[in-house]
Amino acid sequence: MSYQFWLTSAYLIVIFPNEELRFDRRDEDGRMLAVDFDVKHTNSKEPSVGNFAIYNLAEETRKRIASDAIGLRFYGGYDGMEKLLYSGSIERVINKRQSVDYVTEIRCGDGFREFTKSVTSRTYASGVDKQTIVNDIASDMGLPLKLGKDAVKGVLNGSKTLDGLSKDVLTELVPEWSIVDGEINIAAQGQPISNVAAVIKSDTGLLESPSITEKGVNIKAQIDPDIRPRSLLQVESESVNGLYVVQSIQFVGNNYGGAFDMNIEAVSYG
């Protein structure tokens, strides 16, 4: 699929305790509503950060977001076919005047509330499958679980008590995990979360020749909404050809005709 000549589109949904409000390309008065975004997903356990700026919201809406909003979902895509690019808990909102514009800046952390507040207190007997324990911890965090092949193996050798923040007890069992779009992702070291590879080449949005690094490649391309950390990539270019696993991906741009790019750091697979 080629994205290079497609019309880009993006919008936000801001989440309140009892309501969700969608902010797309027009505001409450029918004026064009501009949104800047800078999102970076990583395979780190720390919540991935999303920064957004919404321009010229009504004063009442700006104040309400600053005082009451708890979360945000961000969608982007081409020709009106948007997909989820980021989901997170709101950490900070700043309203400010910038020249002739009023700007609402929102900073989010993917799974921030669950990461910082979820607690696990459980005891298991010897021989319990580790997959069962991981399922229980995910339940304590209130997050769905996505596993790669052979991501969690083995049984307990002796009884075990887990008591503390869920993120810490999960790390005792599986050192490599992350929260992506409000979902716990676990894959074996160096392995993708799925064996289905996304193809990156000139006619699927590659913007520059990939740069070779010590462990893999850095890639700049137009946004592919389906790529995340631990995605498998088939890179095809004059300088690079091969399979890679994504370590981090940054989505950056706006919904009013400017950049709509992704910057990927990936390591060689196999």
message: Among the residues of the stretch 117-128, are any charged (D, E, K, R), open to solvent by 60 Å² or more (accessible area, probe 1.4 Å), more than 30 Å from ALA34 (Cα to Cα) and not in a helix (DSSP H, G or I)?
response: yes
message: Can you tell me which residue is modelled with the highest pLDDT among those in the stretch 78-92 that are more than 17 Å from SER48 (Cα to Cα) and either surrounded by 21 or more Cβ atoms within 10 Å (Cβ to Cβ) or touching a Phe, Trp or Tyr at 6+ places or on another chain (Cβ under 8 Å) (or both)?
response: LYS83
- prompt: Can we say LEU72 is among the aliphatic types (A, V, I, L, M), surrounded by fewer than 18 Cβ atoms within 10 Å (Cβ to Cβ), at pLDDT 90 or above and in a strand (DSSP E or B)?
  reply: no
- prompt: If you check GLY77, GLY164, GLY88, which single one turns out to be in contact with a Gly (Cβ under 8 Å, 6 or more places away or on another chain) and either not acidic (Asp, Glu) or not in a helix (DSSP H, G or I) (or both)?
  reply: GLY88
- prompt: So how many residues does the stretch 203-222 have that are at pLDDT below 90 and closer than 15 Å to GLN247 by Cβ?
  reply: 2
statement: Checked pairs for the stretch 202-229, first closer than 18 Å to LYS40 by Cβ and of a type in the set (D, E, K, R), second part of a loop (DSSP other than H, G, I, E, B) and open to solvent by 10 Å² or more (accessible area, probe 1.4 Å), C-beta under 7 Å and 6 or more apart or across chains, list as LYS220/LEU207; LYS220/GLU208
Residues being within 13 Å of VAL246 (Cβ to Cβ), open to solvent by less than 10 Å² (accessible area, probe 1.4 Å), in a strand (DSSP E or B) and not β-branched (Val, Ile, Thr) - total across the stretch 168-202: 2
message: Filter the stretch 60-88 down to the residues that are touching a Ser or Thr at 6+ places or on another chain (Cβ under 9 Å) and more than 18 Å from ASP36 (Cβ to Cβ) and list them by number.
response: ILE70, GLY71, TYR78, ASP79, GLY80, MET81
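The values are calculated or read from the model by the stated rules, or taken from the named source; none is laboratory data. These numbers come from a predicted model, not from an experiment. Reconstructed Cβ throughout: ideal geometry from the backbone, glycine too, with neighbour counts over all protein chains shown. To get the accessible areas, we keep the full protein, side chains included, count just its heavy atoms, and leave off ligands, DNA and RNA. Shrake-Rupley method; radii C 1.70, N 1.55, O 1.52, S 1.80 Å.
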